[in-house]
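Worksheet for the structure shown next.
The values are calculated or read from the model by the stated rules, or taken from the named source; none is laboratory data. Keep in mind it's a predicted model, so treat the numbers as computed, not measured. Cβ sites come from the backbone with ideal geometry, for glycine too, and all protein chains shown count toward neighbours. For the accessible areas, the whole protein counts, side chains as well, though only heavy atoms, and no ligand, DNA or RNA atoms are used. Shrake-Rupley method; radii C 1.70, N 1.55, O 1.52, S 1.80 Å.
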Amino acid sequence: MRIVLIGPPGAGKGTQARVLADLLSVPAISSGDLFRAEIGRGSELGELVRQHTQAGELVPDELTTALVTQRLREPDAADGFLLDGFPRTVRQAELLQEALGEDGTVLDAVLAFDMPDDEIVQRLTGRRLCPACGTTVHTVFSPPRVPDRCDGCEGALVRRADDTEETVLRRLAVYAEQTVPLLRWYTDRDLLVHVDAMGTVAEVSDRMRSALAAVAL
Ligand code: AP5
């Protein structure tokens, strides 16, 4: 299965990508995670990416697509993948289609997560990550047993640099301007399915599975 998850920042794409990737036995590939790894390497490219992400702006299309399509060529993605947060502009979708089309591959479905802005601000300002093992928690919705410590590996939890309220509001505006037009683009190609992203993680997972079963499973 080849699936794309689209949604505003903080709608739960990463959380649900992990659930769905386990269910389908395919890798979950997040453009945001690829960028954070590049920033962590301290490369020149990482510095360019850091400037865009910390301002809440999108990284340029060609650069983003090159990074993701390179990852898609790794062997574990040969029989399917889940793309989390990519594409997020019409130009990226066109470039992805060209890259997949080279070997006859097509997408099976695009899931669009719907969520109101006020809930998003609450979810992102409370998000904490464990850089050591990748666990994501929320200070209110899924608090760690010991404050600021990861339940899994006991590493120190951190806040993402782009999860301040000011940057979250900018990311939301960028989503409305640059990603919402992509929803129409995928609707026109009969690939888009909406998923209500409100409710518990389990409730959203159930909705996502039902939506997918109706179109692609
Ligand atoms: P990226 O890392 O992709 O960020 P995003 O799209 O803004 O999404 P998030 O990761 O913030 O949220 P999410 O939807 O995955 O939610 P999560 O599951 O963590 O991108 C970061 C930046 O990189 C972008 O701003 C841009 O600069 C750049 N970039 C990335 N891709 C790009 C592209 N294609 N083109 C150009 N630039 C790109 O959940 C959020 C919180 O809510 C967590 O604390 C979680 O525990 C909690 N939570 C999740 N589900 C629930 C639930 N059901 N109930 C209660 N709490 C929940």
(request) In nm, give the distance between the simple-model label positions of T69 and T187, each being 7 Å from the Cα along the Cα-to-Cβ direction. (result) 2.8 nm
(request) Specify whether the C-alpha gyration tensor of the chain places it in the rounded, prolate or oblate class, a ≥ b ≥ c being the square roots of the eigenvalues: rounded for a/c under 1.5, otherwise prolate if a/b is larger than b/c and oblate if not. (result) rounded
(request) Measure out, as a whole number of angstrom, how far apart the alpha-carbon centroids of segment 87-163 and segment 1-57 sit. (result) 6 Å
(message) Under a crude label model (7 Å from the Cα following the beta-carbon direction), how far is T125 from F141 in nanometres?
(response) 1.5 nm
(request) Between A156 and E62, with labels modelled 7 Å along Cα→Cβ, what's the label distance in nm to one decimal, could you check? (result) 4.0 nm
(request) Please give the per residue accessible area of the chain, computed with a probe of 1.4 Å over protein heavy atoms only, in Å². (result) 50 Å²
(message) If I take R0 = 22 Å and measure r between the Cβ atoms of E166 and R41 in this structure, what FRET efficiency does the formula 1/(1 + (r/R0)^6) give, to the nearest 0.05?
(response) 0.25
